[in-house]
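One structure is given below, encoded as structure tokens.
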Amino acid sequence: MTTTAPRVSAAPAPTISPYQESVADYWNHEKNPVNLRLGEVDGFYHHHYGIGDADWSVLDGPEDTRDERIIAELHRLECAQADFLADHLGAVAADDRLLDSGCGRGGGSLVANKRFGCHVDGISISKTQVAFANEQAKKHGVDDKVRFRLKNMLDTGFETGSFRGIWNNESTMYVDLSLLFAEYARLLARGGRYVTITGCYNDTYGLPSREVSTINAHYICDIHPRSAYFKEMANNRLVPISVVDLTAATIPYWELRAKSSLVTGIEDTFLTAYKNGSFQYLLIAADRI
Ligand code: GPP
Ligand code: MG
């Protein structure tokens, strides 16, 4: 008697891909002081970089408190970035619902809730990050409105049209943009706002530079070209309303970070990539039509 192998199509699709499993594994084990010690400053734990002019005087003064001063300054620049993103979410009411897609340890969700008093759902494929973020929401006393869940941003399972706004803060480089924006076109209410801050490679440079490839290898990500954002937004009912090149504004953050004791080893690569024109740091905000 012969047996036939089950049809491939009969196998249930995995909730997350093997690639996403490897990314989740990175974040489940990540404990970089540059993220944890900055978060400890005020309980807002971010997983993105900073913008704005740095106060270089933090490098001067007593040696024994130098680290503390640099940490506070790097955190201030990261908080300025989170605020800048929130500035582009538009008018959000207290009963509106926002989605923090790729929420990390939850800092951005807390920023949005503090500003608007709104509901925020944060999602991540890292169970460690989700647990950490829910703990933070409790500590901040906002767990009635801010909730974190283990979910794939490409297939969230949330109800159609249920969000007033969605953002990705440096997390789009982990997913295929055509799949991502199709899901957002479904999730956003008509007139809803999408915002991303992202690192993208510069189409005018050509293909990814050595530095962009090094950044990809460092974080296990796949940095998209700038053009892909606009192409996939246009394909998915997302019409850009603001595009801000933050490349020059993020360089001081990296220069200060490179001088700190918290270096992870990727600092000079970012600086070279930004300075040689192969890589750009952008905010893009779009309306769902
Ligand atoms: C920062 O997270 C963002 C990413 C890892 C995604 C890659 C971003 C690009 C702009 C290419 P983090 O705050 O956890 O990183 P780090 O540990 O280096 O501070
Ligand atoms: Mg960081």
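Values quoted throughout were computed directly from the atomic coordinates according to the rules given, and no laboratory measurement underlies them. All of these numbers come straight from a predicted model, not from anything done at the bench. Positions of Cβ are generated from backbone atoms using ideal geometry, with glycine treated the same way; all protein chains shown enter the neighbour counts.
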Members of the stretch 26-63 found to be within 14 Å of ligand 1 (Cβ to nearest atom), part of a helix (DSSP H, G or I) and not aromatic (Phe, Trp, Tyr), listed by number: ASN28, HIS29, PRO33, VAL34, ASN35, LEU36, ARG37, LEU38, GLY39
query: When you go through (1) under 23 Å from LEU271 (Cα atoms); (2) more than 16 Å from ligand 1 (Cβ to nearest atom); (3) of a type in the set (Phe, Trp, Tyr) one by one for PHE116, which number turns out not to apply?
result: (1)
statement: The number of residues in the stretch 174-205 that are surrounded by fewer than 19 Cβ atoms within 10 Å (Cβ to Cβ), in contact (Cβ under 8 Å) with a residue 60 or more places away in the chain and either within 19 Å of ASP245 (Cα to Cα) or of a type in the set (Ser, Thr, Tyr) (or both) is 2
message: For the stretch 64-95, which positions are touching a strand residue (DSSP E or B) at 6+ places or on another chain (Cβ under 6 Å) and assigned to a helix (DSSP H, G or I)?
response: LEU85
- prompt: Taking into account only those residues within the stretch 243-263 that are under 18 Å from the mean Cα position of the chain (by Cα) and among the polar types (S, T, N, Q), which is farthest from ligand 1 (Cβ to nearest atom)?
  reply: THR247
- prompt: In this structure, does LEU98 turn out to be away from ligand 1 (no atom under 14 Å from the Cβ) and either free of Cβ contacts under 8 Å to residues at least 60 places away in the same chain or in contact with a helix residue (DSSP H, G or I) (Cβ under 6 Å, 6 or more places away or on another chain) (or both)?
  reply: yes
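Could you list all residues from the stretch 217-229 that are touching a residue at least 24 places away in the same chain (Cβ under 8 Å) and either away from ligand 2 (no atom under 16 Å from the Cβ) or among the hydroxyl-bearing types (Ser, Thr, Tyr) (or both)?
If we filter the stretch 217-229 for residues that are touching a residue at least 24 places away in the same chain (Cβ under 8 Å), which is where we start, we get 218-229.
Within the stretch 217-229, TYR219, ASP222, ILE223, HIS224, PRO225, ARG226, SER227, ALA228, TYR229 qualify.
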message: Within the stretch 128-173, take every residue that is touching a residue at least 60 places away in the same chain (Cβ under 8 Å) and among the acidic types (Asp, Glu) and give me the one that is surrounded by the most Cβ atoms within 10 Å (Cβ to Cβ).
response: GLU170
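Does THR264 satisfy the criteria of being in contact (Cβ under 8 Å) with a residue 12 or more places away in the chain, more than 25 Å from ASN35 (Cβ to Cβ), in a loop (DSSP other than H, G, I, E, B) and of a type in the set (Ser, Thr, Tyr)?
The answer is no for THR264.
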query: Does the stretch 90-99 include one or more residues that are hydrophobic (A, V, I, L, M, F, W, C), away from ligand 2 (no atom under 16 Å from the Cβ), under 19 Å from PHE148 (Cα atoms) and in contact with a Leu (Cβ under 9 Å, 6 or more places away or on another chain)?
result: yes
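In the stretch 45-67, which residue that is aliphatic (A, V, I, L, M) and under 16 Å from THR250 (Cβ atoms) is surrounded by the most Cβ atoms within 10 Å (Cβ to Cβ)?
Looking at residues that are aliphatic (A, V, I, L, M) and under 16 Å from THR250 (Cβ atoms), I get ILE51.
So, GLU78, is that one within 16 Å of ligand 2 (Cβ to nearest atom), at negative phi and of a type in the set (Asp, Glu) or not?
Details: within 16 Å of ligand 2 (Cβ to nearest atom): yes; at negative phi: yes; of a type in the set (Asp, Glu): yes.
Against the criterion (within 16 Å of ligand 2 (Cβ to nearest atom), at negative phi and of a type in the set (Asp, Glu)), GLU78 qualifies.
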task: Give the stretch 268-284 a look and list any residue that's surrounded by 23 or more Cβ atoms within 10 Å (Cβ to Cβ) and among the hydrophobic types (A, V, I, L, M, F, W, C), or say none.
output: PHE270, ALA273, PHE279, ILE284
Residue count, the stretch 206-222 (criterion: of a type outside the set (Ser, Thr, Tyr) and crowded, with 17+ Cβ neighbours inside 10 Å): 5
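Does TYR205 meet the test of being assigned to a loop (DSSP other than H, G, I, E, B) and away from ligand 2 (no atom under 16 Å from the Cβ)? Let's see the steps before the verdict.
Details: assigned to a loop (DSSP other than H, G, I, E, B): yes; away from ligand 2 (no atom under 16 Å from the Cβ): yes.
The answer is yes for TYR205.
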